[in-house]
1. Residues in the stretch 165-176: is at least one more than 30 Å from Leu411 (Cα to Cα), in a helix (DSSP H, G or I) and of a type in the set (Val, Ile, Thr)?
2. Tell me which residues, restricted to the stretch 676-701, are modelled with pLDDT of 95 or more and in a loop (DSSP other than H, G, I, E, B).
3. If only one of Val266, Val190 is more than 22 Å from Gly90 (Cα to Cα) and assigned to a helix (DSSP H, G or I), which one is it?
4. List every residue pair whose Cβ atoms sit under 7 Å apart, with the two residues 6 or more apart in sequence or on different chains, where the first one lies in the stretch 385-400 and is touching a residue at least 40 places away in the same chain (Cβ under 8 Å) and farther than 13 Å from His350 by Cα and the second, anywhere, is open to solvent by less than 80 Å² (accessible area, probe 1.4 Å) and part of a loop (DSSP other than H, G, I, E, B).
5. Name the residues in the stretch 339-391 that are of a type in the set (Ser, Thr, Tyr) and either within 17 Å of Tyr480 (Cα to Cα) or touching a His at 6+ places or on another chain (Cβ under 7 Å) (or both), would you?
6. May I ask you to list pairs of residues, at least six apart or on different chains, whose Cβ atoms are under 9 Å apart, with the first in the stretch 585-608 being farther than 21 Å from Gly188 by Cβ and the second being assigned to a strand (DSSP E or B) and of a type in the set (Lys, Arg)?
7. Consider the stretch 356-401. How many of its residues are of a type in the set (A, V, I, L, M, F, W, C) and open to solvent by 30 Å² or more (accessible area, probe 1.4 Å)?
8. So which residues in the stretch 665-682 are surrounded by 13 or more Cβ atoms within 10 Å (Cβ to Cβ) and either aliphatic (A, V, I, L, M) or touching a Pro at 6+ places or on another chain (Cβ under 8 Å) (or both), if there are any at all?
Amino acid sequence: MRALVAGSRRRLLSSLGRARHVGAASQRFFASESSLAAASKKLRQRFNSLPAIAEIAKEADAPIDRKVALKRLTSELAEGETILEVKLGGKKLEPGDGRKEISVPTPTGPKGGPAVKHAKMVLPSVADVATALKERKEAHLLVAKAEDMVPILRKFYEEQFIGKAAEHVGLISAWGPKPIGDAEGEFGEVAALMRLQLEAIEGAIESSKDDFHFVPAWSDVGRECLVMPPSNFALLGLKDVFHMLLKGFRVVLVVQPRFLAHFLEVQQGFLDAGLPEGMLEVIPGITPEADPEVLFELLKQVDRLQFTGSSAMFKSLVKKAYELGNLRLEHAGEVSGLNKVRLDGVSVSHPAVARGTAWAAMANNGELCTSASLVEFDPKLDTKEAVKEALEAHPFKLGRDPEDESLNVLLKDGKTDKLKVETETPPGGLQEWWEKTILTAPSGGDLSLRTNQSLGHCIYSKTFEAALEKGVSEDASCVYCVGVPADPSAPSARAGTTGAKIPESVFGGMKTHTFAVAGDHDGVGCIQNTLDVLKWRGPTWRDREEPYAEYELTETAEDLMDFLGTREQAEFQKTLNRYLDFFGTFTPEVSNPYPGQPLVNGEGRSQLVTLPALKPTRKNVFVPRGIGLPDDIVRLAILAEMSPLKEVPVTIHLPGAKLAGKLRITDPLKSFVKTVEKRLGWKVIFHEDHEKFVEAIKESEYPPYFYCVKHRHHLPVEMLDAVAERGGYVYEGLPRDPVRLLQFMTTTQAWTVAALDSEVEAASKALHSAWKSHGLREEPLEKPQIVTPPPPADLGGGFGAPGMGLGDDKDWDELSDSSSDSSDDEADPKKPPTSPASSASTAAPKA
């Protein structure tokens, strides 16, 4: 009853506040949108609009000089020995003093023959790494301002990367190894990712001088980041380096020895572009010959780990860092997954189904993290034997010469030379085969693969609408939907568990939903990842002059507000307004069509259209016994209630129930728990003790992501280990910045439809329809009221001035240094609340 009365009172005061605004502004211009929305639209036009994406794609996909690429490939594979200089802190490492010298052959030789080229290098010692980290910390090595770093990285991108595209493609092909065509694809994806980040941060710099809403994040100046690329897509390490430099990190890049030649050229390119020496160190180390203590020394000292590769290795690295005492380590992993093709009411005898599924299993020797491990067939239409026969009959052109552009798959030493279809589960169970292998299983049988383990998932159905209807409820990062015609001889599109193309699509999203993404990783090319390099300006005096949006709270949100203090209510209403305003600007759009796999029974390629759908993150919170009700958890509940999306209920953990006896929790926590459980559907779990809590984490259905934690490094190591083992993460606090809140509250799932040219428009409409029906909340929020604050009172100081406005009822504390133009994420928590008169004359907060 108290909450209902207080909520009614707040709604009345809010209405009165809006009336005062209308009266004060009756003779003034009324804006049609908030200042923040206008600035956000301008920012989005820079990198996330369809024209911007088309321009980025055009540059990334530009044809390279094949002669130059082949010449570099031939040179890299030619007989001889290359001495690669490894440096740390500008000093060349020589053999001896605990350092080991190794020689590494190229993965293949000229024309695919035996390797005749070797690269010799020195592996650093523990002392080398420890000394280098210590010296650059003591020297305060950093680039002080984003405005100084961005031109350096722009120059690197244009002159050293795009300007040398053919050279990079040749290096990728030689040391990958990959056919030239696949190497071009790898280069183009990384180019697009770097350009997206550049455009975003340059847009923020422009905003900081124009509309004053966004600034570079630049929050990690002087901190250390360890970057580790995968074995099958090495240049992904470069996009991580680029991203971390754009945030201010110093970077140590540890690579497999066979990739050192390429990354040393990358490092020199950064130096030639003006990056200070020491900001990027490149060392070989992911090899059995390396001393593991070198990697452990890095894990002990760095602030962040940015990793792509095996999920098992990533988890072991994070847990090792905890063991070494680095409990503050931030960690992000795009890791491997189990992916499946699902045949829904269609037979594998259909040529489009057979070809798409076979390609999904064969992708890059089955070594892509999106290669299919399982095909789930309809037992009413097919048998295991029929699936095996259809897939193994599909012809592929395999060979060993990376110069042969006609190859479908480049054969490597130790790899099989044909597709293998398993009809019975092997002794080791369903797994990532890392080979040309796929397992068959009937839908509804004993073997069931949930897509909360997947990066890619493909559904074949009778129509793409039917496939999409099933796909949008899955947990995989990328969902591919194909409808095949009833006539098997008719032209048909096709797809597999891979095919996402950057920048038209995104990859590796669905953080908190799939175990194939781990830690603080948002996914490449998605809006959350791209926005990571910028932030909102923070509260300033401009807030009292610019038009802003005010959203009407739902009744539940009103009641939840009463769990906050009066000042906190007013401040958080502003935060909520800004977040919803910013969210509305970045509503996802369907991409322009882009090429996929070759058509079946037709000329040309399948046309892919993608909607990068925003999904709510799966959130856990926990309240240790004796803490009470944290304000951030209340704020989270309000954000969830006011979310434009179909929210996933939060799980709230309450350890220590065994110690509490009958009175497990008391007010206000007790009343809050009842409210969110009844009205928001939150799942409330009481754990007997800390050990039971950790056991529950280890058995979690989804990756355990915890939010609103005060200090991560103060948590028990057993809890941190359990979270890491399950691929989760622990986030501290709750942001006030609308940009960070978008990262915090949402993730991205790519919905992709494969279609014929004639079906593109219908596919786009189907994606729009799916977004409205499956993505957005059932009852839309009311449109916001745009409030134009009254002009500030004249404070005097000019000729004939009435003397500094002493008769005004302005709160002078609003003019203090704590409200000066700042880029801090949060307002000063020590600042006293504004007076009622001041509040009424500006934001008309809910009070």
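The values are calculated or read from the model by the stated rules, or taken from the named source; none is laboratory data. From a predicted model like this one, the values you see are computed outputs, not experimental measurements. Glycine also receives a Cβ, built like all others from the backbone with ideal geometry; neighbour counts cover every protein chain displayed. Ligands, DNA and RNA are excluded from the accessible area calculation, which covers all protein heavy atoms including side chains. Shrake-Rupley method; radii C 1.70, N 1.55, O 1.52, S 1.80 Å.
1. no
2. Scanning the stretch 676-701 gives Leu680, Gly681, Trp682, Glu699, Ser700, Glu701.
3. Val190
4. Matching pairs, first to second residue: Lys388/Thr423; Gly399/Leu407; Gly399/Leu411; Arg400/Thr108; Arg400/Leu411.
5. Those that are of a type in the set (Ser, Thr, Tyr) and either within 17 Å of Tyr480 (Cα to Cα) or touching a His at 6+ places or on another chain (Cβ under 7 Å) (or both): Thr357, Thr370, Ser371, Ser373.
6. That search, which allows pairs on different chains as well, returns Leu599/Arg605.
7. 8
8. Ile665, Leu669, Val673, Val676, Leu680, Trp682
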